[in-house]
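Please read the structure below before turning to the comments.
Throughout, read-outs are computed from the coordinates displayed, never taken from laboratory work. Remember, it's a predicted structure, so these values are computed and weren't measured experimentally. Because the Cβ atoms are built from the backbone with ideal geometry, glycine has one as well, and the counts that use them run over all protein chains shown.
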Amino acid sequence: MDDNRPALTKEEICTHYGDDYDRYLGAIVPPIFQNSLFTRKTINHGYTYTRVSNPTTEIAEKKIAALEEGEEARCFSSGMAAITAALMSVLEKDSHIICPRNVYPPTKGFLESYMTKFGIETTFVSGESTDEIEAALRPHTKAIYLETPLSNVFTLQDLKAIAGIAKARGIVTIVDNTWATPLYQNPIAFGIDIVVHSATKYMGGHSDILAGVMIGRKTLMEEITHRERGMFGAVMDPHQA
């Protein structure tokens, strides 16, 4: 998390953080920038295209990153858009991933069916035993994907212990934090590399938006902006933000 970020409560982050009242003429509710294109004075000035970045979406990203105690966040058009982008940013042809067997079913389906096209293997484990996870490691393991509590069964994984196992071997850890939300759990504080959410659910709270978010270190989020999110185009609509 940015050391210069003000020490705010979770409530204050939700209400005020990132709103930048001076920038938006004192508006209590920041405006919705619904335009697709932006003019620029120079090549590196301001915004260019809403698929890449948008001032309204950026406010939501700043709030969520602060709530998750991460460096930066990127918002997506759905939870699965964020989850698949996180996985595809890490996995490569013929690599291996470890994942709990009771993970969110569409995530399991993506690993079981779609990613096999690229030779990616998945070992499904209960997730309740760190010994089981360590035993499942292979020389080509690139990622450990977690979800705690797990969908529908609500069993837990030891994030700190698993993050330690992964870091010692240069393996990336990804956690779906949808069920706990940033109010009750911050996986990055336990050493996790990437956090994802289906913001459609508890983060949105009212079943009236479709959204996803990914949180992690700044350099990775900048890459995601132009790569897995920018190229695939699964960016959050500013109205959803």
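Among A65, A135, A163, the largest mean-square fluctuation in a Gaussian network model of the chain, built with springs joining Cα atoms closer than 10 Å, belongs to A135. Comparing H197, H226, H206 in a Gaussian network model of the chain, where Cα atoms under 10 Å apart are tied by springs, the biggest mean-square fluctuation is seen for H206.
Between E121 and Y47, what length in nm is gained on full extension when 0.36 nm per residue of separation is reduced by their alpha carbon distance? Walk me through the numbers on the way to the answer.
Values: separation 74, 0.36 × 74 = 26.64 nm, distance 3.90 nm.
So the extension gain works out to 22.7 nm.
Identify which of G18, G212, G26 has the largest mean-square fluctuation in a Gaussian network model of the chain, with springs joining Cα atoms closer than 10 Å. Looking only at G18, G212, G26, the largest GNM fluctuation is found for G26. Pairs of lysines in the chain whose Cα atoms sit within less than 20 Å of one another amount to 17, provided the residues are eight or more positions apart or on different chains.
Write down the Kirkwood hydrodynamic radius of the range 160-220, to one decimal in angstroms, obtained as one divided by the mean of 1/r over all alpha carbon pairs. Evaluated over the range 160-220, this radius sits at 12.4 Å. Taking 7 Å steps out from each Cα toward its Cβ at A189 and Y21 produces label points 2.8 nm apart.
Per 0.36 nm of contour for each residue apart, how much would the distance between E12 and S113 grow if the chain were fully extended, relative to their Cα-Cα spacing?
On the way: separation 101, 0.36 × 101 = 36.36 nm, distance 4.24 nm.
Gain on stretching E12 to S113: 32.1 nm.
Scaling the Cα radius of gyration of the range 76-134 by the globular reference 2.2 N^0.38 Å produces a ratio of 1.13.
Computed on the Cα atoms alone, the convex hull of the range 1-123 gives a volume of 176 cubic angstrom per residue.
Per residue, the chain reaches -7500 deg cm²/dmol at 222 nm when only DSSP H runs of four or more residues are counted, each adding -39500 (n - 2.57). Taking the Cα centre of the chain as reference, the dipole from Cβ charges on Lys and Arg (+1) and Asp and Glu (-1) amounts to some 600 debye. Taking a quarter of the surface of the Cα convex hull of the chain gives a mean projected area of 13.7 nm². Distance in nm between label sites at R101 and E69, each 7 Å beyond Cα in the beta-carbon direction? Here the modelled spin labels are 3.3 nm apart. Scattering from the range 127-241 was approximated by placing one identical point on each alpha carbon and applying the Debye formula without solvent; log10 I(q)/I(0) at 0.11, 0.21, 0.22 1/Å stands at -0.40, -1.23, -1.29. For the range 170-204, backbone nitrogen atoms closer than 20 Å to the point 7 Å from H239 Cα along Cα-to-C-beta are found at 199-201, 204. For the range 116-189, the share of alpha carbon pairs falling in successive 5 Å distance bins from zero is 3, 14, 28, 24, 17, 10, 3, 0 percent. Summary of the geometry: the range 176-241 and the range 43-120, compared by the centres of their Cα atoms, lie 7 Å apart.
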